[in-house]
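Data first, discussion second: the structure below is written as structure tokens.
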Amino acid sequence: MRQRILPPAKIGIIGGGQLGQMIALSAIEMGYRVAVLDPDPFCPCACLAQPFIKADYTDVVALAQLVELCDVVTYEFENADSALIDGFNINGKIPQGALALTLSQHRLKEKAFAEFLEIPCPKYWPVLSHKDLFKLNDFPLIIKSCRYGYDGKHQYIIRTKEDLKALKLEFPSEYIAEKLITFEKEISVVAACFKDGISLFEPFENVHVNGILSTSRHPALISPQLQRQALETTEKIAHALDYIGVLAVEYFISSEGLLFNEMAPRPHNSAHGTIEGCTFSQFDLHVLSITGSSLVQTRRSSLTMMINILGQDLPLALKKFSKCDPNETHLHLYGKKEARENRKVGHVTLCAATLNDLQKDINDWRNNS
């Protein structure tokens, strides 16, 4: 890592979605300037960019322009081109690097990496052909595309041989079949990796609906032993990747114990509650780590519940928000051009000092209409 990069240096962000927006807001508050590359001129981050570069993520000339303009560059989502990231990471100018990105972009590589580190995973099988597909018989299963699947997209639950026969998959695309496990909880651990150490948030407890994250509670209501195991496992992954920046790892808690699900080399939807609930948010730590700060340890200042707002739910969410205690309810809207169905357009974070108070806030939110 090079010498620390101080404000008013310029941070380049590949991707202008809501994660990029929240990275940019944190960076600007610290005194940095931001430049953004995204194909959508109306993306949430566009209005914050100096300049905004409208280009595809595979546009070599545009990426070269971003790297040249900026003192340090980050990416905010997994579908950035890992080969280009690697090629442009001259003198560590893209501190996250390409390894974590390359692995997280491909579910089979990701699982193989976890197994290499001796981290338990759900049982899985590669599905690279129709022959592989019709050999599957350990039902129920979930079949996922190895690449470009998020928020439940390109995922298929298979309960019987008949479901398998009815499934229309295209090859030579690559898929992974995973044993559909019965889990008690889903959790995530978010780590901020600095040049001289790792700062870890306590685990988040997540609930998904139709494959899309619905709520995240912080901290997760799990045993101290499971919390310690999740933190230690995440730290092991971060060290193996030699990573700089914020990294999130998702796990299942099942009768088999803690099982690795997937990782994301970027700030994570489950940790949005850290904006109000911690002394430094995940976005603060991401900016500090990629600009070469020494280790910063964050502390939780509040219990939180983060609730995602999808496009179709926005009118009701605004109505609920108007009736909630403004001291404990925080609304974030991402400024998306349109509120599309099943797409995240914002989130609400409920904050409280005690579990009872937080549960009251959650009940008030659910019961308001």
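Derivation of every value follows stated rules applied to the coordinates shown; laboratory data play no part. Owing to the predicted nature of the structure, the values given are computational and were not obtained by experimental measurement. Here the Cβ positions follow ideal geometry from the backbone for every residue, glycine too, while neighbour counts run over all protein chains shown.
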Quiz item: Based on the Cβ-Cβ distance from D138 to D242, what FRET efficiency comes out when R0 is 41 Å, to the nearest 0.05?
Solution: 0.70
Exercise. Report the residues of segment 352-369 in range of a label on L316: point 7 Å along Cα→C-beta, backbone N strictly under 17 Å from it.
Key: 362-369
Practice problem: Under a 10 Å cutoff between Cα atoms, tell me which one of P203, P39, P95 has the largest fluctuation in the Gaussian network model of the chain. | Solution: P39
Self-check item: Check: the chain dipole with +1 on Lys, Arg Cβ and -1 on Asp, Glu Cβ, in debye
Solution: 380 debye
Quiz item: Given the options V249, V72, V61, which has the most mean-square fluctuation in a GNM of the chain, springs set between C-alpha atoms less than 10 angstrom apart?
Solution: V61
Practice problem: Express the Stokes-Einstein translational diffusion coefficient of segment 123-179 in µm² s⁻¹, to the nearest whole number, given a Kirkwood radius over alpha-carbon pairs, 25 °C and a viscosity of 0.890 mPa s. | Solution: 219 µm²/s
Quiz item: When only C-alpha pairs under 8 Å and at least 6 residues apart count, what is the relative contact order of segment 123-179, in percent?
Solution: 55 percent
Exercise. Note down the relative contact order for the chain as a percent, whole number, built from C-alpha pairs under 8 angstrom at least six residues apart.
Key: 15 percent
Quiz item: Which of F194, F321 comes first, and how do the rest follow, when ranked by fewest Cβ neighbours within 10 Å?
Solution: F321, F194
Quiz item: For E178, E232, what's the fewest-to-most ordering of other Cβ within 10 Å of each Cβ?
Solution: E232, E178
Quiz item: With charges only on Cβ, +1 for K and R and -1 for D and E, what is the dipole size of segment 180-295 about its Cα centre, in debye, rounded to 20?
Solution: 100 debye
Practice problem: Mind telling me which of A112, A166, A352 comes out most flexible in a GNM of the chain, alpha-carbon contacts under 10 Å? | Solution: A166
Exercise. Measure off 7 Å from each Cα along the Cα-to-Cβ vector at N79 and S294, then give the distance between these two points in nanometres to one decimal.
Key: 4.1 nm
Quiz item: So what are the radius of gyration and Dmax for the Cα set of segment 214-307, in Å?
Solution: 13.6, 41
Quiz item: Given the pairs K54/K195; K144/K360; K111/K185; K109/K337, which are separated by over 30 angstrom at their Cα positions?
Solution: K54/K195; K144/K360; K109/K337
Quiz prompt | Which of I176, I157, I290 has the fewest Cβ neighbours within 10 Å, and the rest in rising order | solution = I157, I176, I290
Quiz item: Calculated from DSSP H runs of 4 or more alone, at -39500 (n - 2.57) each and per residue, what is the 222 nm mean residue ellipticity of the chain, nearest 500?
Solution: -8500 deg cm²/dmol
Quiz item: Once Rh for segment 1-112 is found with the Kirkwood sum over Cα pairs, what is the Stokes-Einstein diffusion coefficient at 10 °C and 1.306 mPa s, in µm²/s?
Solution: 113 µm²/s
Quiz item: Using the Cβ atoms and a cut-off under 10 Å, what net charge is assigned to the surroundings of E328, where Lys and Arg are +1 and Asp and Glu are -1?
Solution: -4
Exercise. Sum up the charges of everything whose Cβ sits under 12 Å from the Cβ of M305, counting Lys and Arg as +1 and Asp and Glu as -1, but leave M305 out.
Key: -3
Quiz item: Amide H neighbours of E256 under 5 Å, counting only residues 5+ apart in sequence or on other chains, H built in-plane at 1.01 Å?
Solution: none
Quiz item: Which of F280, T233, G245 sits farthest toward the positive end of the charge dipole of segment 231-327, with +1 on the Cβ of Lys and Arg and -1 on the Cβ of Asp and Glu?
Solution: F280
Quiz item: How many times 2.2 N^0.38 Å is the alpha carbon radius of gyration of segment 275-357?
Solution: 1.29
Quiz prompt | Proximal charge balance of D71 [Cβ under 14 Å; K/R count +1, D/E count -1] | solution = +4
